[in-house]
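**Q** Here's a structure for you.
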Amino acid sequence: MNPLLIPILGISCGLLAILGGVFIKPWFKLKERQMEIEAHMVAEKAAQYAAQTERLEQRVRVLERIVTDRGIELADEIEQLRDAPLN
């Protein structure tokens, strides 16, 4: 093994560590920020879907009430017509 290889590898590892800290750390921070933004957007979309679902559920409740209330009234009207004398 070449005796110069050990110091060259030692210096190379040191330079690699320094350059890695200079270039990799900001890259990780950038990726972390991108993930935070994406998570915020996903949470916002989920909240929008939840609100839309709640509105649709309210509308369905109203429609169910209209249908069932009108159905009861209609049944009462039919019964009144059955009981009414024919002219």
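The numbers here are math on the coordinates, done by the rules we state, and not lab data. What you see is a predicted model; the values in this text were computed from it and never measured. Note: ideal-geometry Cβ built from the backbone for every residue, glycine included; neighbour counts use all protein chains shown.
**Q** Could you work out the helix-only [θ] at 222 nm for the chain, with each DSSP H run of four or more residues adding -39,500 (n - 2.57) and the total divided by the number of residues, to the nearest 500 deg cm²/dmol?
**A** Mean residue ellipticity at 222 nm (helix-derived): -34500 deg cm²/dmol.
**Q** Calculate, in nm to one decimal, what ARG59 and ILE8 gain on full extension: separation in residues at 0.36 nm each, minus their alpha carbon distance.
**A** Computed gain between ARG59 and ILE8 is 10.9 nm.
**Q** Still on this model: From the residues VAL42, PHE28, ILE72, which one has its Cα farthest along the dipole of the chain in the positive direction, the dipole being from +1 and -1 charges on Cβ of Lys/Arg and Asp/Glu about the Cα centre?
**A** PHE28
**Q** Of the labelled options (i) 119; (ii) 151; (iii) 75, which one gives volume of the Cα convex hull per residue in Å³ as computed for this structure?
**A** Correct label, based on the coordinates given: (i).
**Q** Could you give the dipole magnitude of the chain about its Cα centre, charging the beta-carbon of Lys and Arg +1 and that of Asp and Glu -1, in debye to the nearest 20?
**A** 980
**Q** Along the Cα→Cβ direction, 7 angstrom out, place labels at LYS29 and LEU81. What is the inter-label distance in nm?
**A** That separation, rounded to one decimal, is 7.9 nm.
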